[in-house]
Every structure is written in C-alpha cells, then in structure tokens.
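The next block holds one structure in the form of structure tokens; read it before the comments.
The values are calculated or read from the model by the stated rules, or taken from the named source; none is laboratory data. Keep in mind the model is a prediction, meaning the values are calculated, not measured. Don't worry about glycine lacking a Cβ; one is built from the backbone with ideal geometry, like all the others, and counts go over all protein chains shown. Only protein heavy atoms, including side chains, enter the accessible area calculation; ligands, DNA and RNA are left aside. Shrake-Rupley method; radii C 1.70, N 1.55, O 1.52, S 1.80 Å.
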Amino acid sequence: MVGLVLVSHSKRLAEAVRELVLQMTTPDFPIAVAGGVGETHDELGTDAVHIAEVLQNMNCPEGVLVLMDLGSAVLSAETSLELLETPDKRIRLCPAPLVEGAIAAAVCAQAGGSLDEVAAEAELGLAPKQQQLGVEPAAEIPSAAAQPLTEKPDETAELVLDIANPHGLHARPAAALVQTVSRFSGAVEVSNLTAKRGPASARSLTSLSLLQIRKGDQIKVICRGQDCAAALDAIRKLAAIDFGDTPDAAPAIAAKAVAGAHGLPGSDGIVVGPLATLQPVDLIANDQSSGDPASEMARLAAAMKAVSDEVQQAKRGAGANEILEAQALILSDPIVETKARAILQRGNTSAGRAWIDVTRELAAQYAAMDDAYLRERAADVRDIARRVLRQLQGESATPVINLDVPAVLFTDELLPSEASACDPTKVLGVITTKGSATSHSAILLRTLGIPMVVGATGIGASDAGKTVALDGSTGEFWIDPNAEVLAKLQTLRDAEAQARQQAELTRTQPSITLDGTRIQVLANVGNARDSQLAAENGAEGVGLLRTEFLFVSQKEAPTEEEQVRALREMYEPLSGPITVRTLDVGADKPLPFLPQPGEHNPYLGVRGIRLSLHSPQLFLPHLRAILRSGVGHDIWLMFPMIALVEETREALRLLERAHLQLNTAKIDHAWPIKRGIMIEVPAAALLAEQLAEDLDFFSIGTNDLTQYTMAAERGNTNVADLQDALHPAVLRLMRAVAEGAKLRHRHVSICGDAASDPLAAAVFAGLGIHSLSVRPKQAASIKALFRGLELAQLEKIATQSLQGQNAAEVRRLIGDYLQNASRKNPTADVAAKTS
C-alpha cells in the first residue's frame with residue numbers, strides 16, 4: 001500500500017491531519033509525521049534531517065507520497081531526498097494541499113491505488129471545495145487522475161431487508177453491522193424505507209441508530225465500490241442471524257403492572273432491607289479551556305481512549321460483552337468525534353464543554369425516539385458521557401457505589417457502569433423510576449443476581465432509611481411492609497434460598513439420581529471468566545471450550561505462542577477433563593484474515609472442519625497450540641462439523657502430524673489425548689457406529705443438529721418454532737448416537753445449549769446420555785436437579801418421547817414428571833426453575 005508522510009511547520013498540525021486521515025481509513029494505515037524543529041520537534045519549522053529519518057523508516061513497497069504545508073517545507077523535503085543513503089524513486093513530493101490532499105490520497109491508497117494514482121487524487125483534493133464555491137480549478141487536472149483505479153468500473157448494488165429483530169437495530173445489532181461493513185472498502189449506505197429516513201452511512205453507529213429501524217421495518221442497503229457484492233453478501237448473512245442479536249432472558253413483562261404493584265419486573269429475586277439513595281450526577285464541565293482547539297481535542301481524544309480501554313477490559317461474559325462493545329462504539333463513532341471537533345474549532349471552548357454538548361444532543365435524540373427499546377439507549381450515551389467527563393477531570397472513570405450497610409438502592413436511573421459497580425453483598429436490590437427490563441442496566445443486574453424493579457412510582461429520596469421489600473419477578477415493592485407481607489415474602493424467599501443453598505453446598509459433589517446413576521455435569525466456556533465461573537459453580541470439567549475467541553476480530557492470524565498463552569489462562573482455574581473444540585468458523589462466521597468466496601447458504605458451506613482441512617497453514621499451528629497448552633491437563637480434543645468418516649481420518653492425520661512436529665522439536669505437549677467429534681450433522685449421527693471406530697468420544701451440538709434436522713436456520717425467527725431440540729426427530733438422532741457409541745464403548749455427551757434447559761437435560765439423560773455440558777452459572781442447579789429424579793422414569797419418558805409428534809408433546813410429558821417429582825423433592829423443583 002502507498003504510504004503518506006506529512007511535512008509541516010507544526011508538529012501538532014501534522015498530527016491532527018494524520019488523526020483525520022486515520023478516521024477516514026483504518027488505524028494501521030501507513031502515515032507518518034515529519035513536523036517541527038527542536039529536540040522534541042515541538043517548535044515551529046521544518047528539519048530536512050528529521051524528514052529523511054522518517055522517510056527512511058517508511059516500509060511501503062508501493063511507494064511514499066510526501067505532502068507539505070508551506071514553501072520552506074517544500075525546500076526541506078527536497079533536501080531530505082538528497083540526504084537519503086540511496087535515492088528512492090518510490091518517494092514522490094506532491095504539490096497538493098496538506099489537509100484535503102492527505103485525505104484524498106489516503107482514501108485512494110486504501111483502495112489499492114498506485115503511487116501515480118494516489119498522487120493524482122491528492123492533487124484533486126481541492127476540487128470538491130472549488131466546485132462548492134464555484135471556483136474554476138487553477139490548472140488542468142493531471143490525466144492520470146481521471147482514470148479509474150481499475151479497468152473495471154466500481155460496482156453498485158443494493159439489498160432490501162425486512163428487520164425481524166424484536167427491538168429493531170438497537171445498539172448491539174447496529175454495532176455488528178458497523179463492524180461487518182468496516183471489513184470492506186466500498187461505500188455502504190442504509191435507508192429506512194418504512195419510516196422514510198436516510199440514507200445514512202453504515203460505518204456510523206450513531207447514524208444507524210438515528211434511522212430508528214424497528215421490528216417490521218424494511219431497509220435498503222446500497223453499496224458502491226469494487227467489493228460491493230462481497231459486502232452485501234456479508235450483510236445478508238449477518239441479517240440472516242438477526243445481526244447477531246441473541247434474545248436476552250428478560251423476565252416476562254406484563255402490559256401493565258400487577259394490581260397493587262408500583263413498578264415493573266427488571267431482575268428476579270426477593271429482598272428486604274433499608275432503602276439507600278444514589279443521587280444522579282449532573283454533567284458539569286468545571287475545567288477551563290486552554291484556548292488551543294487542537295490541544296483540547298487531544299485531551300478529549302485521550303480521555304475517550306482511556307475510557308474505551310477500560311470498557312474493553314471490564315468484559316465479563318457474553319451478554320455483558322455485547323453491551324460494553326456497543327458502548328465502546330459510541331467512543332469511536334466518527335460523527336461524535338467530528339461534532340466535538342467542530343465545537344472546539346469555533347473558539348474558546350473546553351474539551352469537557354464540547355463533550356457535554358455533543359452527548360446531550362445525542363442522548364436527547366435517542367430519548368425522543370418512538371421505539372421504547374431505542375429510547376433506552378439514551379442511558380448508554382449518558383453513561384459514557386459521565387465516564388469521559390470524569391476522566392477529563394482527573395477522576396476515576398468507573399463509578400464507585402459505597403453503602404455503609406447492605407441496602408436496597410433507589411435512584412431515578414441506574415446507568416450500565418453503575419450496575420457493573422454494584423456489589424451483590426452490599427446492593428441487595430435496586431428500584432428505579434426510569435428504565436425497563438430491556439435496559440442494559442437490568443441485563444447486567446440479572447447477570448450479577450441482583451433483584452430489580454423498574455418504572456417505580458410512589459417512592460422517592462425522602463423514603464431513605466425506611467425498610468423496603470421488593471419482588472423483582474413481579475415488579476412489586478412495599479415501603480415499611482406489614483407483618484403479613486413480610487411473612488409471605490419470607491416464606492417464598494426461604495424456600496428459594498434453601499434450594500439454592502443446598503445446590504451451592506453440594507456443588508462439588510457428584511450428581512447422582514435417586515436410583516443411583518451418576519450424571520456428569522460439565523460447563524461450556526468461551527473465555528477466562530467463564531472458566532472461573534465454571535469452577536465456582538461446581539462444574540466437573542469442561543465439555544466445550546470454544547477456541548474462536550483466539551481468532552475473531554483479529555486482522556491477522558494469532559501466532560502459535562499467542563494461542564498457547566491464551567489457552568493456558570483459560571485452563572488455570574479448571575480441573576477435570578477439558579474438551580477443546582478446534583476452530584469453528586468460516587462461511588457464516590468469517591475470519592478477516594482468511595478470505596472466502598461468497599456462498600448462497602453458508603450454513604451448508606465451508607465451515608468448521610471443512611475450513612480447517614482447506615487451510616492446514618492455519619490448522620497445524622492451532623493443533624500444536626492446543627497440545628502444548630494442555631501439558632498437565634486432561635485434554636480431550638474434538639473436531640466440529642464432521643459429516644464424513646474421511647474428514648475424521650484426515651483431521652486425525654493432521655493431529656498426528658502436529659504431535660510428530662512437536663516431538664521432533666522436543667517441545668513438551670499433552671499426548672496421548674482423547675479424540676472426538678461434534679455430532680451436528682444428521683449424517684454423522686446416522687454413521688455414529690462407523691465414526692466411533694477411530695474415536696474416543698462424541699459430543700452432540702444441539703443447535704446445529706436441530707437446524708439441519710428440521711431444515712430451519714437457527715438465526716431465522718420466522719422458523720423459530722422449529723428450533724427445539726426436544727422434537728422427536730432430533731431425539732431419534734440423539735438416540736442413534738448414544739446407541740452407536742455404546743456398541744463401541746465410546747463416551748457420549750451433549751454440549752449444546754439445550755443441555756442447560758432442565759426439561760431437555762432430563763430427557764437427554766433418559767436417552768442414555770449421562771454427560772451434559774451447560775452454561776457455567778447453571779452447573780450447580782443442573783446437578784441438584786438430577787438428585788431429585790429417577791433415571792428409570794426418565795428412560796420411560798424418553799422412550800415415549802421418541803414416538804411423539806412434536807416438541808410440545810415431549811415438553812408436556814417431561815414437565816408433568818418434574819412437577820410430580822418436585823412435590824417429593826422441592827429442591828429439584830427450584831433447581832429446575834432457577835436453571
């Protein structure tokens with residue numbers, strides 16, 4: 001790629017232009033600054049020696065374009081070429097204006113233009129401004145600039161999509177769209193056809209959000225660029241999975257509050273305690289402007305980056321990750337930064353004042369939206385605004401909630417960062433007058449296990465110190481409750497607490513049914529935090545360790561050493577068997593550094609083991625990393641998306657080669673290890689006995705096995721009713737796997753998400769599958785569930801289920817049994833409910 005060097009009398013000016021260019025391209029675009037004079041180059045002037053040093057360090061085989069600001073800068077640049085050890089014809093001095101020329105050149109270079117083309121585009125930099133002002137160009141435009149970058153003209157294509165997301169393109173799915181579009185060079189615009197809003201750039205989270213795209217709206221995506229077909233294909237695939245929007249397990253919300261209640265449910269749980277208030281903090285800029293817009297912008301940019309880094313480091317599990325990533329995108333949104341820069345350039349305004357003005361306007365726009373879910377995003381903006389302002393003022397960006405004694409917290413609005421700062425041992429519950437169960441704060445409190453009531457009325461700061469009781473599952477709360485209310489709540493709370501305590505106390509003990517069969521309960525993990533939660537909740541090992549986290553969102557493939565370090569961190573808190581699934585990406589889950597041709601149906605394309613076998617240069621280091629990181633652990637390795645015996649054997653040959661390579665290099669690694677496959681394809685289920693010849697175990701992935709069996713894409717909400725692993729057709733395939741494994745004395749488990757559903761888990765055990773891998777937090781409760789059940793009864797129900805007509809019939813069968821079992825063993829009933 002052609003690189004740029006900016007020569008300016010002012011180092012700060014050149015750095016500001018560089019910053020603007022990077023906003024228009026990518027953070028790794030090759031652009032360097034050679035400005036100023038003096039020891040640190042902070043004084044005005046130009047230094048030929050310094051310019052030569054910068055040019056010498058530019059590693060751009062396609063060439064380097066040099067842009068200069070004033071006359072003496074041109075002279076210094078010319079002199080610098082004479083100072084180079086060897087003349088370089090790839091370095092071109094360009095007479096284009098510094099700012100406009102740099103932007104035009106950078107965009108052209110990013111698109112793959114040659115040095116001649118980039119230089120010509122730079123000289124065209126003033127053309128838009130001249131056209132706007134009606135000024136004729138001072139000279140003829142070089143002929144090279146009039147030529148397209150390639151012989152083939154840019155493509156233009158469009159796509160019309162119906163939005164099925166329950167809450168439309170709110171922050172998280174919109175963020176996914178922004179991140180997808182960023183992988184392509186073409187210009188992508190989105191219009192809300194239903195609401196007649198737009199077009200807006202698909203590279204801006206703010207622009208997308210202000211389109212107010214709701215469920216049922218129809219949008220048009222237009223792409224212009226040489227890779228527009230690939231870009232639209234990627235967007236189409238993203239839309240097929242609802243833009244990655246996973247429905248949150250929010251409590252059911254009634255159309256209006258329960259009679260006699262004063263709020264709406266936000267997070268389940270019953271608590272009683274004194275009321276403490278959290279006063280809202282107004283946004284006040286108490287800093288003075290330096291009078292230098294560039295300096296103030298630099299301060300603001302530094303504060304924004306510091307908060308962004310802190311947000312990224314604070315991730316704690318899948319749901320929270322999506323929330324925090326959406327917040328981080330507000331900080332990197334080009335529209336937000338451009339508006340702040342424009343305010344600062346008007347005159348004597350501080351960074352804090354500019355930031356307040358921009359974020360207040362943005363929050364007000366969200367708050368005025370018609371869609372209730374999108375209105376909740378105003379809280380995210382206010383949250384980020386406060387964190388950046390605190391950072392600017394030298395305070396901690398993360399709020400601290402200090403309570404003298406454990407209490408129920410009352411506030412008008414709880415922001416996401418405040419929710420993350422709540423300590424469950426001190427914050428017993430939360431009551432707010434604003435918000436909803438779909439707010440990011442409510443989601444975070446559910447993750448922390450803190451009860452919450454939202455939209456409360458009849459309560460205020462004057463009630464501080466009074467005793468308050470609340471039921472987060474109904475939205476009810478009582479100020480100074482009478483003895484009768486307290487007694488009823490206490491009975492309910494005691495029953496739940498007893499069951500949870502029992503599950504907690506016995507979390508490390510094996511899960512054995514009433515008739516003596518042990519059910520192994522493992523955990524599914526995708527990061528180090530999940531591993532810690534699995535250990536804390538009594539998981540007996542890991543039934544699925546996802547390795548995708550090593551590769552996704554990476555511009556380049558991670559090295560073998562990087563993979564080893566990351567995997568060891570995940571293993572550290574774990575004990576028992578650790579089942580590591582090799583890289584499961586491709587097609588519907590593309591890797592930026594491993595381009596693939598577009599596919600009409602990516603779920604049936606080159607993904608999972610198919611991609612790995614096609615890419616041994618990626619697969620072999622991956623296998624070596626898994627083996628090396630596994631020293632001292634009981635590693636079970638499995639391959640995803642297996643459909644053929646031949647695929648299994650080829651994968652095993654590559655695993656053997658990785659082992660031999662490490663042996664030859666005398667590098668310690670886990671060997672021998674258990675070898676298995678994911679059963680996700682019906683063909684593999686039906687060939688279980690033959691596949692078992694070469695393997696030690698099977699693990700059933702319920703999500704994919706269900707979608708392939710029912711011909712119902714799991715990301716398509718229009719066929720969501722078919723996405724039930726308890727359908728008799730899916731259960732028959734699972735039984736085939738269990739029987740095929742039994743004939744060869746092979747281990748079989750289920751690692752699909754359905755194993756976390758207590759009804760499904762009970763049926764799976766009845767099918768003869770006695771190893772289940774569940775969400776980390778549910779390990780203890782699933783173990784407790786089986787301690788109150790009889791396997792013989794589960795086997796009878798499973799046999800009946802195989803003859804059923806649909807999943808609803810199966811759920812009724814197992815539901816009736818669990819209800820009867822709960823009368824004899826309340827612990828099992830609460831375990832089922834809490835799972």
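Can you confirm whether LEU620 is surrounded by fewer than 22 Cβ atoms within 10 Å (Cβ to Cβ) and at pLDDT below 90? Let's see the steps before the verdict.
Working: surrounded by fewer than 22 Cβ atoms within 10 Å (Cβ to Cβ): yes; at pLDDT below 90: no.
So LEU620 does not fit the description; no.
Given the criteria without any contact (Cβ under 8 Å) to a residue 40 or more places away in the chain, open to solvent by less than 50 Å² (accessible area, probe 1.4 Å) and of a type outside the set (A, V, I, L, M, F, W, C), does GLY38 qualify? Against the criterion (without any contact (Cβ under 8 Å) to a residue 40 or more places away in the chain, open to solvent by less than 50 Å² (accessible area, probe 1.4 Å) and of a type outside the set (A, V, I, L, M, F, W, C)), GLY38 qualifies.
Identify the residue in segment 209-249 that is part of a loop (DSSP other than H, G, I, E, B), in contact with a helix residue (DSSP H, G or I) (Cβ under 7 Å, 6 or more places away or on another chain) and modelled with pLDDT under 80 and, among all such residues, is surrounded by the fewest Cβ atoms within 10 Å (Cβ to Cβ).
From segment 209-249, those part of a loop (DSSP other than H, G, I, E, B) are 210-217, 226-227, 241, 245-249; that's our starting set.
From what is left, the residues that are in contact with a helix residue (DSSP H, G or I) (Cβ under 7 Å, 6 or more places away or on another chain) are 210, 212, 245, 248.
Next, only the ones that are modelled with pLDDT under 80 stay: 210, 245, 248.
Working: LEU210: 19, ASP245: 21, ASP248: 17.
Ranking the candidates gives ASP248 first.
Within segment 673-732, if we keep just the residues that are in contact with a helix residue (DSSP H, G or I) (Cβ under 7 Å, 6 or more places away or on another chain) and of a type in the set (D, E, K, R), the residue that is modelled with the lowest pLDDT turns out to be ARG714. Only a single criterion out of (1) in contact (Cβ under 8 Å) with a residue 24 or more places away in the chain; (2) surrounded by fewer than 24 Cβ atoms within 10 Å (Cβ to Cβ) is not satisfied by ILE431, namely (2).
Going by the structure shown, is SER462 touching a Lys or Arg at 6+ places or on another chain (Cβ under 7 Å) and assigned to a helix (DSSP H, G or I)? No, not satisfied.
Listed conditions (1) open to solvent by less than 40 Å² (accessible area, probe 1.4 Å); (2) free of Cβ contacts under 8 Å to residues at least 60 places away in the same chain; (3) under 31 Å from the mean Cα position of the chain (by Cα) are all met by ALA535, apart from (1).
Contact annotation: residue pairs with Cβ atoms under 6 Å, 6 or more positions apart or on different chains, pairing a residue in segment 285-302 that is farther than 17 Å from ARG390 by Cβ and of a type in the set (Ser, Thr, Tyr) with a partner that is modelled with pLDDT under 85 and open to solvent by 50 Å² or more (accessible area, probe 1.4 Å), are SER289/ASN348.
Counting only strands (runs of 3 or more DSSP E) wholly contained in segment 645-751, the ones carrying 2 or more residues that are over 30 Å from ARG812 (Cα atoms) occupy 674-679.
You will find that of ALA760, ALA736, ALA754, the residue that is in contact with a helix residue (DSSP H, G or I) (Cβ under 6 Å, 6 or more places away or on another chain), within 28 Å of PRO510 (Cα to Cα) and at pLDDT 95 or above is ALA736 and no other. Under the condition of being more than 16 Å from GLY538 (Cβ to Cβ) and surrounded by 15 or more Cβ atoms within 10 Å (Cβ to Cβ), the residues counted in segment 783-794 number 6. Of the numbered criteria (1) aliphatic (A, V, I, L, M); (2) crowded, with 24+ Cβ neighbours inside 10 Å; (3) within 30 Å of ARG236 (Cβ to Cβ), the one ALA780 fails is (3).
Matching residues to (1) open to solvent by 20 Å² or more (accessible area, probe 1.4 Å); (2) at negative phi; (3) at pLDDT 80 or above:
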{"site": "GLY347", "(1), (2), (3)": "yes, no, no"}
{"site": "SER350", "(1), (2), (3)": "no, yes, yes"}
{"site": "ARG360", "(1), (2), (3)": "yes, yes, yes"}
{"site": "GLU376", "(1), (2), (3)": "yes, yes, no"}
{"site": "ILE384", "(1), (2), (3)": "no, yes, yes"}
{"site": "GLU395", "(1), (2), (3)": "yes, yes, no"}
{"site": "LYS426", "(1), (2), (3)": "yes, yes, yes"}
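Quick check on this structure: which one of ALA174, ALA164, ALA200 is at pLDDT below 80 and in contact with a Ser or Thr (Cβ under 7 Å, 6 or more places away or on another chain)?
Values: ALA164 fails: at pLDDT below 80; ALA200 fails: at pLDDT below 80.
Step by step, each of ALA174, ALA164, ALA200 is checked, and only ALA174 is at pLDDT below 80 and in contact with a Ser or Thr (Cβ under 7 Å, 6 or more places away or on another chain).
In segment 102-122, of all residues being of a type in the set (Gly, Ala, Ser), modelled with pLDDT under 85 and assigned to a helix (DSSP H, G or I), the one that is most open to solvent (accessible area, probe 1.4 Å) corresponds to ALA104.
Assess whether THR206 counts as being open to solvent by 50 Å² or more (accessible area, probe 1.4 Å) and either modelled with pLDDT under 80 or not in a strand (DSSP E or B) (or both).
Considered against the rule, which asks whether it is open to solvent by 50 Å² or more (accessible area, probe 1.4 Å) and either modelled with pLDDT under 80 or not in a strand (DSSP E or B) (or both), THR206 comes out as no.
The one condition from (1) of a type in the set (A, V, I, L, M, F, W, C); (2) part of a helix (DSSP H, G or I); (3) at pLDDT 80 or above that VAL66 does not meet is (2). Based on this model, can you work out whether GLU562 counts as farther than 19 Å from PRO776 by Cβ, in contact (Cβ under 8 Å) with a residue 12 or more places away in the chain and of a type in the set (Asp, Glu)? In short, yes. Close contacts from segment 759-771, counting a first residue that is under 22 Å from HIS745 (Cα atoms) and a second that is assigned to a loop (DSSP other than H, G, I, E, B), with Cβ to Cβ under 7 Å and a gap of 6+ residues or different chains, come to VAL763/LEU726; HIS770/THR517.
Quick one: is THR447 among the β-branched types (Val, Ile, Thr) and part of a loop (DSSP other than H, G, I, E, B)?
Details: among the β-branched types (Val, Ile, Thr): yes; part of a loop (DSSP other than H, G, I, E, B): no.
Answer is no for this residue.
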